[in-house]
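Enquirer: Questions regarding the structure given below will be posed in turn.
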Amino acid sequence: MIGLDQHLVPPDRWRRIVRQAWHEGWRYFDWLGCVDDIGRSDTFRIVLVLRNLETPAAAPRLLATTVPRESPQLDSITSIFAGAGWHERETAELFGLEFVGGDPRRLLLDPSYSGTPLRKDEVLGARAAVGWPGAKEPGEGDAPAASSGAQPGQSGAQAAGRRRMVPPGVPDPAVWGDRDPELPPADPTEVATAAKGGRVRRRGR
């Protein structure tokens, strides 16, 4: 859906344009979601998918708008599409947005949780703490073979040439977690760019 052509509208006209689409026959709410555009722009992109049931074979209508990361607020469209309430609540808590006039209650996360787990610059600390195949360099500490990167039946020496792995969503330790203390803190864009998972470089390389 996000790959289809999107009609980008100003955020201050969001609810007005959505209501206009409803009057034009796009009265079936399909989906609403958010894209974190960090690295391309300092914004979140909200995408709305509508369908016209009078012409079911027609392509869906995609409306999109952007809100700044620093104060992400957007008018709620629940007065037009009641079904958007669930999607707005999910987006609000996972990305840290506010839908003005919408339902502010939590939907998925514990009330005590203060993070925004779907932002690309959010460090997934739990994933960094959980063991991951190849998470330790061979020979570091007294980790068992499974943690050193060795496969069943393979010695630590045989796995010695392998570089450690990190899961998707966890930044390269040289950027976050094992960063050189003499370097300044990484900015959110650098952290997000490094959170790709896979093989990571050793410090100094």
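The values are calculated or read from the model by the stated rules, or taken from the named source; none is laboratory data. None of the values given here were measured: they were computed from a predicted structure. When we count neighbours, we look across all protein chains shown, and the Cβ atoms used for this are built from the backbone with ideal geometry, even at glycine.
Enquirer: Go through the range 103-140 residue by residue and tally those that are surrounded by fewer than 15 Cβ atoms within 10 Å (Cβ to Cβ), modelled with pLDDT under 85 and of a type in the set (Asp, Glu).
Expert: 1
Enquirer: Can you find a residue in the range 42-56 that is farther than 18 Å from LEU97 by Cβ and within 17 Å of the chain's Cα centre (by Cα)?
Expert: In the first step, residues of the range 42-56 are kept if they are farther than 18 Å from LEU97 by Cβ; the result is 50-56.
Next, from what is left, pick out any that are within 17 Å of the chain's Cα centre (by Cα): none.
Scanning the range 42-56, I find no residue that is farther than 18 Å from LEU97 by Cβ and within 17 Å of the chain's Cα centre (by Cα), so the answer is no.
Enquirer: Something else now. Can you report the number of residues in the range 57-68 which are touching a residue at least 24 places away in the same chain (Cβ under 8 Å) and either surrounded by fewer than 19 Cβ atoms within 10 Å (Cβ to Cβ) or of a type in the set (Val, Ile, Thr) (or both)?
Expert: First, pick out the residues of the range 57-68 that are touching a residue at least 24 places away in the same chain (Cβ under 8 Å): 59-68.
If we keep only those that are either surrounded by fewer than 19 Cβ atoms within 10 Å (Cβ to Cβ) or of a type in the set (Val, Ile, Thr) (or both) as well, we get 59-60, 64-68.
Of the residues in that region, 7 qualify.
Enquirer: Please tell me if VAL67 is within 30 Å of GLU190 (Cβ to Cβ), modelled with pLDDT of 95 or more and either assigned to a strand (DSSP E or B) or in the same structural domain as PRO173 (by TED's automatic domain parsing) (or both). Even if it seems obvious, please write down each step before you answer.
Expert: Values: within 30 Å of GLU190 (Cβ to Cβ): yes; modelled with pLDDT of 95 or more: yes; either assigned to a strand (DSSP E or B) or in the same structural domain as PRO173 (by TED's automatic domain parsing) (or both): yes.
The answer is yes for VAL67.
Enquirer: May I pose another question? Scanning the range 1-56 for residues that are part of a loop (DSSP other than H, G, I, E, B) and touching a helix residue (DSSP H, G or I) at 6+ places or on another chain (Cβ under 7 Å), which turns out modelled with the highest pLDDT?
Expert: Here is the first cut: in the range 1-56, the ones part of a loop (DSSP other than H, G, I, E, B) are 1-6, 9-10, 24-27, 37-42, 52-56.
If we keep only those that are touching a helix residue (DSSP H, G or I) at 6+ places or on another chain (Cβ under 7 Å) too, we end up with 9, 38-39.
On the way: VAL9: 96, ILE38: 90, GLY39: 85.
The extreme case among them is VAL9.
Enquirer: Here is a further query. In the range 69-102, what residues are of a type in the set (D, E, K, R) and either over 16 Å from TRP14 (Cα atoms) or surrounded by fewer than 21 Cβ atoms within 10 Å (Cβ to Cβ) (or both)? Steps first, answer last, please.
Expert: Filtering the range 69-102 for residues of a type in the set (D, E, K, R) gives 69-70, 75, 88-90, 93, 98.
Answer for the range 69-102, where residues must be of a type in the set (D, E, K, R) and either over 16 Å from TRP14 (Cα atoms) or surrounded by fewer than 21 Cβ atoms within 10 Å (Cβ to Cβ) (or both): ARG69, GLU70, ASP75, ARG89, GLU90, GLU93, GLU98.
Enquirer: Looking at (1) farther than 21 Å from ASP121 by Cα; (2) assigned to a strand (DSSP E or B), which is the only condition PHE81 fails?
Expert: Failed condition: (2).
Enquirer: When you look at ARG27, is it of a type in the set (D, E, K, R), closer than 18 Å to TRP14 by Cβ and over 14 Å from the mean Cα position of the chain (by Cα), yes or no?
Expert: On the way: of a type in the set (D, E, K, R): yes; closer than 18 Å to TRP14 by Cβ: yes; over 14 Å from the mean Cα position of the chain (by Cα): yes.
Yes.
Enquirer: Oh, and also: Would you confirm whether any residue within the range 30-43 is among the aromatic types (Phe, Trp, Tyr) and either without any contact (Cβ under 8 Å) to a residue 12 or more places away in the chain or surrounded by fewer than 19 Cβ atoms within 10 Å (Cβ to Cβ) (or both)? Lay out the reasoning, then the answer.
Expert: Just the residues of the range 30-43 that are among the aromatic types (Phe, Trp, Tyr), to begin with: 31.
Pick out the ones that are also either without any contact (Cβ under 8 Å) to a residue 12 or more places away in the chain or surrounded by fewer than 19 Cβ atoms within 10 Å (Cβ to Cβ) (or both) and you get 31.
Yes - at least one qualifying residue is present in the range 30-43.
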